[in-house]
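Working notes, structure below.
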């Protein structure tokens, strides 16, 4: 049978009709003026689980911290660097076995139920301690949470637990979720993990996968006159150039977490109406670290590690790779953590001659081809800067006769190779300092951590004195004594070099100048934004 | 055939280092060994590869595409959600590429070796050499950032509350730049094929006959030369539909369009085996479908194809 349903002419016609639709003239665009108080923000990831009580990560907090609140948030000028949120006071007992929280009164969940100490007890015992990535460390010794009345929660520990640690961890680990929504369900698969219900200044309104998250004003918020905005939209923009274009085209107001690449900052800072802000990440310091596999004979030798440290020109790294948006590190605790930071440690100034001498001393003479030995170097792919530092380190090592082979892999493959299979000699990693060394810093050098734990000591390093120090700090109640222990910790790490700290950086926010109160706390991007406003 | 696609994809993904739990832990910013263990158990990643492949195939036999690890949702939902956007993007881009490419090809091929032909051919060569991501970025900077005529990204205005025709117009407006970026490059390809096919047809006897009959030049060009030159173009269309699915990965990322290409990229980085197989399976089906459709069109364009069937 001959097909004659479609004539050739019709085929061509329909083609040109489609074409006409595509080439339709531009319609006048609706002005997205700030009249309604809608803040539009670039988001680069869509976390599967948006519940900050379970996943305490910056990607989750960025969106969820506006809906679900912690007991306390970080502050530039607060007592102990904290601002009260759901808790109004906290006090530790002399023996370090309990911490008593007084909770804010008159707070309501977004579904209208009252917030009480039962919610805090449930979150702590059923979520933070057993399920949360960081809570498992901080609340390891939490035994029970007593609720003598609706506004008091008493955390009881099986072993002395420093209040200093709990306090420093509060902004990260203490997101409170509603007991009445989660109790008796499978917490991991509860729908409220994506459609959040909290006490925060904004309600979770809508999520269109691949497009946006929409949060709306919580009329019943406990903060007087807050929130200032009617709506926050997190617009998913996976391409980094896309965030900069959208800012310039005034389609979005703000891009946080260096969504605008460092190399674009100079140009975009000259665009009228756009501001580049480097404040607001003081409590979210990322560290550029050379991870070392101590199973490798050469790297087990301290002299070799010292030589590598001397071979790195930190100033060059900061000026060329970070374009000035970073600080040189002296040790495992960043300068921004002033409570713990100790500048009086062993330092390794850039000195190629000394590095070469150290390697000669260690017995690794240069071969006829100028090479002492070869290494496998794996830079983490998570940031442009970690990859670029990988290229730099290869050159720096070549200058002292170490031939490094770069192995680039995508995130999942890098993770498995370094933290599970230990298939590396040197790796470049970006661990995070989270306000207290015990949360995610000591784990980088402690021994006895099973394989498969990302961002931990997987280099086979073992130092009994260091382990003992870490153990002692975990039971030292007195804040001053505990701080002193961490000063010791920094001295040992810099002297023995289980890893090499190169630089530390916060992120950059780029915003239209109509956005008010940006970066007014040290974890601003991942805080509540109750006072963020738009100038009309 | 589709079974081979499924098994190959599965094995290929297994050979990539790291699994879905590695990717997930990374997005969490770390986690201990116990969390990793319980996650692997809940996703069945602790079982052997053969067991998992068998499990997947048996659920596929029940037309169940499985559960996405990276998104925590059924794969079928994700695919149905993203497919329309990609089809719209690809359909429009193909229409643009085919329509404009054919028209310009006819213009160029009407007088081979003329100045018009040389200019159009040179232009097509330049366009063909441009990478689509570069063109996408440049179009976005010029028309969205500098001139502000068009939106820089997205598939429609966010939470606009528009519906019906207003919404369709809004989507069309958002599609102009991505369709332009994707379509113009493939247009160059169609143009070149059309032009050279026409140049071939000009040499054939029936064209000389048409001339001898005293037909007007435009009639010869359109009815005789172009019509016959269209045949290889239709074949190309089938081949290019597969290539364009690949090209949409880049364009969808640049213009933040929640489509198939971006989903595929996220599935690979998240080591989301069920999702990626679902995507590849759907794409394979799509390409088969397009080619089937084109075979029918072929019969329309070339009477000989249908005639052979009749004779049989």
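The values are calculated or read from the model by the stated rules, or taken from the named source; none is laboratory data. A quick note: this is a predicted structure, and the numbers were derived from the prediction, not measured. Backbone-built Cβ (ideal geometry, glycine too); neighbour counts: all protein chains shown.
Would it be correct to say that residue B:92 is within 14 Å of chain A (Cβ to nearest Cβ) and touching a strand residue (DSSP E or B) at 6+ places or on another chain (Cβ under 9 Å)? Working first, answer last.
Details: within 14 Å of chain A (Cβ to nearest Cβ): yes; touching a strand residue (DSSP E or B) at 6+ places or on another chain (Cβ under 9 Å): no.
For residue B:92, the condition - within 14 Å of chain A (Cβ to nearest Cβ) and touching a strand residue (DSSP E or B) at 6+ places or on another chain (Cβ under 9 Å) - is not met.
Condition check ((1) more than 27 Å from residue A:213 (Cα to Cα); (2) surrounded by fewer than 21 Cβ atoms within 10 Å (Cβ to Cβ); (3) facing chain A (nearest Cβ under 10 Å)) across all residues:
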{"residue": "B:166", "(1), (2), (3)": "no, yes, yes"}
{"residue": "B:182", "(1), (2), (3)": "yes, no, no"}
{"residue": "B:191", "(1), (2), (3)": "yes, no, no"}
{"residue": "B:200", "(1), (2), (3)": "yes, yes, no"}
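Inspect all residues belonging to region A:386-400 and state whether any of them is at pLDDT 95 or above, touching a strand residue (DSSP E or B) at 6+ places or on another chain (Cβ under 8 Å) and in a loop (DSSP other than H, G, I, E, B).
No, there is no match, as no residue in region A:386-400 is at pLDDT 95 or above, touching a strand residue (DSSP E or B) at 6+ places or on another chain (Cβ under 8 Å) and in a loop (DSSP other than H, G, I, E, B).
Among residues belonging to region B:65-78 that are under 17 Å from residue B:9 (Cα atoms) and more than 12 Å from every other protein chain (Cβ to nearest Cβ), point out the one that is surrounded by the fewest Cβ atoms within 10 Å (Cβ to Cβ).
Once the filter is applied, the top-ranked residue is B:66.
For residue A:203, indicate whether it is within 7 Å of chain B (Cβ to nearest Cβ), at pLDDT 90 or above and surrounded by fewer than 22 Cβ atoms within 10 Å (Cβ to Cβ). Give the derivation first.
Values: within 7 Å of chain B (Cβ to nearest Cβ): no; at pLDDT 90 or above: yes; surrounded by fewer than 22 Cβ atoms within 10 Å (Cβ to Cβ): yes.
Answer is no for this residue.
When you go through (1) touching a residue at least 40 places away in the same chain (Cβ under 8 Å); (2) touching a helix residue (DSSP H, G or I) at 6+ places or on another chain (Cβ under 9 Å); (3) surrounded by 19 or more Cβ atoms within 10 Å (Cβ to Cβ) one by one for residue A:477, which number turns out not to apply?
(3)
Which condition does residue A:162 not pass, out of (1) crowded, with 16+ Cβ neighbours inside 10 Å; (2) more than 22 Å from the chain's Cα centre (by Cα); (3) within 12 Å of chain B (Cβ to nearest Cβ), if it passes all the others?
With respect to (1) crowded, with 16+ Cβ neighbours inside 10 Å; (2) more than 22 Å from the chain's Cα centre (by Cα); (3) within 12 Å of chain B (Cβ to nearest Cβ), residue A:162 is out only on (3).
Tell me, please, whether a residue that is in contact with a helix residue (DSSP H, G or I) (Cβ under 7 Å, 6 or more places away or on another chain), part of a strand (DSSP E or B), within 21 Å of residue B:26 (Cβ to Cβ) and touching a residue at least 60 places away in the same chain (Cβ under 8 Å) can be found in region A:416-428. Give the steps one after another, and end with the answer.
Taking region A:416-428 first, the residues in contact with a helix residue (DSSP H, G or I) (Cβ under 7 Å, 6 or more places away or on another chain) are A:416, A:423-424, A:427-428.
With part of a strand (DSSP E or B) added as a condition, the list becomes A:427-428.
Then drop every residue that is not within 21 Å of residue B:26 (Cβ to Cβ), which leaves A:427-428.
With touching a residue at least 60 places away in the same chain (Cβ under 8 Å) added as a condition, the list becomes A:427-428.
Yes, region A:416-428 has at least one match.
Exactly one of (1) touching a strand residue (DSSP E or B) at 6+ places or on another chain (Cβ under 7 Å); (2) assigned to a helix (DSSP H, G or I); (3) surrounded by fewer than 18 Cβ atoms within 10 Å (Cβ to Cβ) is unmet by residue A:319. Its number?
Of (1) touching a strand residue (DSSP E or B) at 6+ places or on another chain (Cβ under 7 Å); (2) assigned to a helix (DSSP H, G or I); (3) surrounded by fewer than 18 Cβ atoms within 10 Å (Cβ to Cβ), only one is false for residue A:319: (1).
Any idea which of (1) part of a helix (DSSP H, G or I); (2) within 13 Å of another protein chain (Cβ to nearest Cβ); (3) buried (at least 18 other Cβ atoms within 10 Å of the Cβ) is the one residue B:231 doesn't satisfy?
Residue B:231 satisfies every listed condition except (3).
If you go through region A:268-289 one residue at a time, do you hit one that is part of a helix (DSSP H, G or I) and buried (at least 17 other Cβ atoms within 10 Å of the Cβ)? Can you show your working first?
Going through region A:268-289, the residues part of a helix (DSSP H, G or I) turn out to be A:268.
From the residues that got through so far, the ones that are buried (at least 17 other Cβ atoms within 10 Å of the Cβ) too are A:268.
Checked region A:268-289: at least one residue is part of a helix (DSSP H, G or I) and buried (at least 17 other Cβ atoms within 10 Å of the Cβ).
Among what's in region A:444-469 and is facing chain B (nearest Cβ under 10 Å) and over 16 Å from the mean Cα position of the chain (by Cα), pick the residue that is farthest from residue A:135 (Cα to Cα). Explain how you work it out, then say what you get.
Filtering region A:444-469 down to residues facing chain B (nearest Cβ under 10 Å) leaves A:449-456.
Then drop every residue that is not over 16 Å from the mean Cα position of the chain (by Cα), which leaves A:449-453.
On the way: A:449: 17, A:450: 18, A:451: 20, A:452: 18, A:453: 15 Å.
Applying the filter and picking the extreme gives A:451.
Would you please name the residue that is nearest to the chain's Cα centre (by Cα), looking only at residues in region A:58-84 that are assigned to a loop (DSSP other than H, G, I, E, B) and buried (at least 19 other Cβ atoms within 10 Å of the Cβ)? Before the answer, list the steps.
Let us first name the residues in region A:58-84 that are assigned to a loop (DSSP other than H, G, I, E, B), namely A:65-69, A:71, A:75-78.
Among the residues that remain, those that are also buried (at least 19 other Cβ atoms within 10 Å of the Cβ) are: A:65-69, A:71, A:75.
Working: A:65: 13, A:66: 17, A:67: 19, A:68: 18, A:69: 17, A:71: 19, A:75: 17 Å.
If we take residues in region A:58-84 being assigned to a loop (DSSP other than H, G, I, E, B) and buried (at least 19 other Cβ atoms within 10 Å of the Cβ), then A:65 is nearest to the chain's Cα centre (by Cα).
Hey, does region B:39-62 have a residue that's within 8 Å of another protein chain (Cβ to nearest Cβ) and either touching a residue at least 12 places away in the same chain (Cβ under 8 Å) or farther than 26 Å from residue A:140 by Cβ (or both)? Break it down stepwise before answering.
The initial filter retains those residues of region B:39-62 that are within 8 Å of another protein chain (Cβ to nearest Cβ), namely B:42.
In the following step, the residues that additionally are either touching a residue at least 12 places away in the same chain (Cβ under 8 Å) or farther than 26 Å from residue A:140 by Cβ (or both) were identified as none.
For region B:39-62, residues within 8 Å of another protein chain (Cβ to nearest Cβ) and either touching a residue at least 12 places away in the same chain (Cβ under 8 Å) or farther than 26 Å from residue A:140 by Cβ (or both): absent.
If we scan region A:161-172, do we find a residue that is in a strand (DSSP E or B) and outside the structural domain of residue A:231 (by TED's automatic domain parsing)? Break it down into steps so the answer makes sense when it comes.
Of the residues in region A:161-172, the ones in a strand (DSSP E or B) are none.
There is no residue in region A:161-172 that is in a strand (DSSP E or B) and outside the structural domain of residue A:231 (by TED's automatic domain parsing).
Any idea which of B:249, B:287 is within 12 Å of chain A (Cβ to nearest Cβ), free of Cβ contacts under 8 Å to residues at least 60 places away in the same chain and under 30 Å from residue B:69 (Cβ atoms)? I'd like the intermediate steps shown before the answer.
Values: B:287 fails: within 12 Å of chain A (Cβ to nearest Cβ).
None of the other options fit; the residue is B:249.
Take residue A:407 and tell me if it is within 12 Å of chain B (Cβ to nearest Cβ), farther than 20 Å from residue A:299 by Cβ and surrounded by fewer than 22 Cβ atoms within 10 Å (Cβ to Cβ). Explain how you work it out, then say what you get.
Details: within 12 Å of chain B (Cβ to nearest Cβ): yes; farther than 20 Å from residue A:299 by Cβ: no; surrounded by fewer than 22 Cβ atoms within 10 Å (Cβ to Cβ): yes.
No: the conditions fail for residue A:407.
Mind counting the residues in region A:42-59 that are facing chain B (nearest Cβ under 8 Å) and at pLDDT 95 or above?
The qualifying residues number 0.
So residue B:102 clears everything in (1) surrounded by 18 or more Cβ atoms within 10 Å (Cβ to Cβ); (2) under 28 Å from residue B:239 (Cβ atoms); (3) within 14 Å of chain A (Cβ to nearest Cβ); (4) more than 20 Å from the chain's Cα centre (by Cα) except one condition, right? Which one?
Exception for residue B:102: condition (4).
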